[in-house]
Ligand SMILES: Nc1nc2c(ncn2[C@@H]2O[C@H](COP(=O)(O)OP(=O)(O)OP(=O)(O)O)[C@@H](O)[C@H]2O)c(=O)[nH]1
């Protein structure tokens, strides 16, 4: 058996890079370990993997600060996240503590109670409402005898399910690998301990690492190589994005980014403002990839609107890092529309969570943030009293309903007043042979008057200085 292990290691040494297939195997093996099954990478079939995915879950949270309502809301959100990942939530427990237990997250008495709940409900997974250390996860698994997942792993799982573009998939995989890397240690140790005579080369007991660690090292090396490759890939995709973005900048079409808490209604608002058919789902993180649409102000000035990834409290830092290039769209825009769900019980918490993540991105940049326009959505779902409270809570915000259309026209006007305007007024007579210039004025500027004459198109328009330069030879008079 030991020979076999060494043979495997040789094979891995030759093939330094971890393929996606290998990673799936590694994850499957980790899940099998939790389920107390053999952890040989090659043993795990697709069907078993599916069976081992989160299904019947009990949630557990530690309430360290805030009110009882805060801790309830936090657990309710965890339940929504778990359901989004495809799990059935059976029960939720919260423990009041000054801080999580360093060994087992919740106190040992609570672990016993949780074990009873797991047995009584027949749950196969426990999800903790925080990011746990590898040691805490391992200890809890050993005592509860079911799979234990933390909030970070759950969010990563949801992102993995929703990523559809090549870039989104690479970003999520990068975040998952970064999460997995420090947690591989536990896996190696358990592998020696649990599999004993088989994977451990015939030596059971404490401190036995020999072949297990060798394998662990090769796994780590392969994961690091894969991380490096993904980083390179994501960086090169960023270049493409940069080119597209600078294309927009060169055209001087103002850009507006829509950011906001997950499920706040960003996609719906994008639809309402542009009448584009973007996926709208009553699920968290339905949008992972940015969508950009062109639209225009009521007075005809074109601008782009970009829908970005949803935010959530305690967005795993691995994800913020991985999605940095996507999130930077927010910081690069001329205007940021921050959408908040007005029907949420604590919209101010959503706003704070989004601002915290944006703050993380901005911290590492020199350019200032674009102005933020707070848009409170779903006002159709709340009564007058709540609307008054929302106006008080968020002075200067726009109250809208992407569903009923209430406030949307007013929002368009407010956006029109906030995006940068082309500065030059031009009156020109453009010959028909230069039709492309006229098309550019329509695309990038604001046409105030247009008339077709025998000599060409007579235009009065407000345009950016570049375009004014191109029109100069046909100008019949220009003003600033
Ligand atoms: N009542 C009401 N529901 C709305 C409104 N706008 C959106 N919703 C609902 O809220 C849910 C989420 O809408 P989306 O537009 O997908 O939200 P999102 O912010 O893009 O979501 P993520 O992609 O998960 O970040 C859907 O069920 C929508 O139908 C609104 O104005 N009123």
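The values are calculated or read from the model by the stated rules, or taken from the named source; none is laboratory data. Owing to the predicted nature of the structure, the values given are computational and were not obtained by experimental measurement. Cβ placement follows ideal geometry from the backbone for every residue including glycine, while neighbour counts extend to all protein chains displayed.
For region 289-398, give me every one of the strands (runs of 3 or more DSSP E) that falls completely inside it and has 3 or more residues that are closer than 30 Å to residue 67 by Cα and not assigned by TED's automatic domain parsing to the domain that holds residue 174.
By residue number, 335-341, 372-377.
Only residues that are at pLDDT 85 or above and under 16 Å from residue 151 (Cβ atoms) were counted in region 83-98, giving 5.
Hey, can you tell me all the residues within region 118-129 that are surrounded by fewer than 18 Cβ atoms within 10 Å (Cβ to Cβ) and in contact (Cβ under 8 Å) with a residue 40 or more places away in the chain?
Those that are surrounded by fewer than 18 Cβ atoms within 10 Å (Cβ to Cβ) and in contact (Cβ under 8 Å) with a residue 40 or more places away in the chain: 121, 122.
With a requirement of 2 or more residues that are without any contact (Cβ under 8 Å) to a residue 12 or more places away in the chain, the strands (runs of 3 or more DSSP E) lying completely within region 418-480 that satisfy it span 446-452. When you look at residue 109, is it surrounded by fewer than 16 Cβ atoms within 10 Å (Cβ to Cβ) and touching a residue at least 24 places away in the same chain (Cβ under 8 Å), yes or no? Considered against the rule, which asks whether it is surrounded by fewer than 16 Cβ atoms within 10 Å (Cβ to Cβ) and touching a residue at least 24 places away in the same chain (Cβ under 8 Å), residue 109 comes out as no. I'd like to know if region 140-150 contains one or more residues that are in a helix (DSSP H, G or I), under 22 Å from the mean Cα position of the chain (by Cα) and closer than 21 Å to residue 178 by Cβ. Within region 140-150 (the criterion being in a helix (DSSP H, G or I), under 22 Å from the mean Cα position of the chain (by Cα) and closer than 21 Å to residue 178 by Cβ), the answer is no, since none of the residues qualifies. Exactly one residue among 454, 444 is under 37 Å from the mean Cα position of the chain (by Cα), farther than 11 Å from residue 428 by Cβ and not assigned by TED's automatic domain parsing to the domain that holds residue 301, and that residue is 444.
Yes/no matrix, rows are residues, columns are (1) closer than 30 Å to residue 263 by Cα; (2) at pLDDT below 50; (3) buried (at least 18 other Cβ atoms within 10 Å of the Cβ):
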| position | (1), (2), (3) |
| --- | --- |
| 156 | yes, no, yes |
| 164 | yes, no, no |
| 172 | yes, no, yes |
| 175 | yes, no, yes |
| 180 | yes, no, yes |
| 198 | no, yes, no |
| 232 | no, no, no |
